1. Considering only protein heavy atoms, what per residue accessible area in square angstrom results for the chain with a 1.4 angstrom probe?
2. Contact order normalised by length for the chain, with contacts defined as Cα pairs under 8 Å and 6 or more residues apart; what percent is it?
3. Pop out the ³J(HN,Hα) list for the stretch 96-106 in order, Karplus 6.51 cos²θ - 1.76 cosθ + 1.60 with θ = phi - 60°, rounded to Hz; leave Gly and Pro as x.
4. Averaged across orientations, what area in nm² does the convex hull of the alpha carbons in the chain project?
5. I'd like the antiparallel share, as a percent to the nearest 5, of DSSP beta bridges with both residues in the chain.
6. Add -39500 (n - 2.57) for each DSSP H run of 4 or more in the chain, then divide by its residues: what number comes out at 222 nm, to the nearest 500 deg cm²/dmol?
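The values are calculated or read from the model by the stated rules, or taken from the named source; none is laboratory data. Computed from a predicted structure; not experimentally measured. SASA here: full protein model, heavy atoms, side chains in, ligands and nucleic acids out. Shrake-Rupley method; radii C 1.70, N 1.55, O 1.52, S 1.80 Å.
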Amino acid sequence: MAELKCGAKNCTYNEDNYCCKGDIMVGGKHAGKSADTCCESFVERKGDKANYISSISHPSKVISIDCEAEKCMYNKNYKCVAEHVDIKGCNACDSKETVCATFVEK
Ligand code: SF4
C-alpha cells in the first residue's frame, strides 16, 4: 500500500488531492519514463462534486495500486511497492493526461 497524492483535480475520485476510489490501476506496460504512464482509474467528474463524492467513498491517504509499468523499479508483480506515489495531471480531462510522477526506470 502506498501513500498517494493526486493532482488530477478533475477526477471524480479526487478530494483535496486524495483518492476516494480505494484502489487504482496505473497504465503504461511499455513505459520507459513517467510520461508514458497514466492513471487508468481516472474518471472525469460530471456535475455536482459534493453529491458524487459522498456516494462513492472517502478520501484515503494510503491506497492499493495495481500497475502495468513493469519497467519501474517499484513494480513487483504488477503491484506498486513505493512508499509514496504522486499522480500528476492538474488539467487532465482524460486518463491519458495523467502520469505517475514517481516512476523510476529500473
Ligand atoms: S511508482 Fe512505479 S510501480 Fe508505482 S504506480 Fe508509479 S509506475 Fe507503477
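1. 56 Å²
2. Relative contact order for the chain comes out at 40 percent.
3. My calculation for the stretch 96-106 gives 5, 9, 10, 9, 8, 7, 8, 3, 9, 5, 4 Hz in order.
4. 5.6 nm²
5. Around 65 percent antiparallel, to the nearest 5.
6. Helix-only estimate at 222 nm: -2000 deg cm²/dmol.
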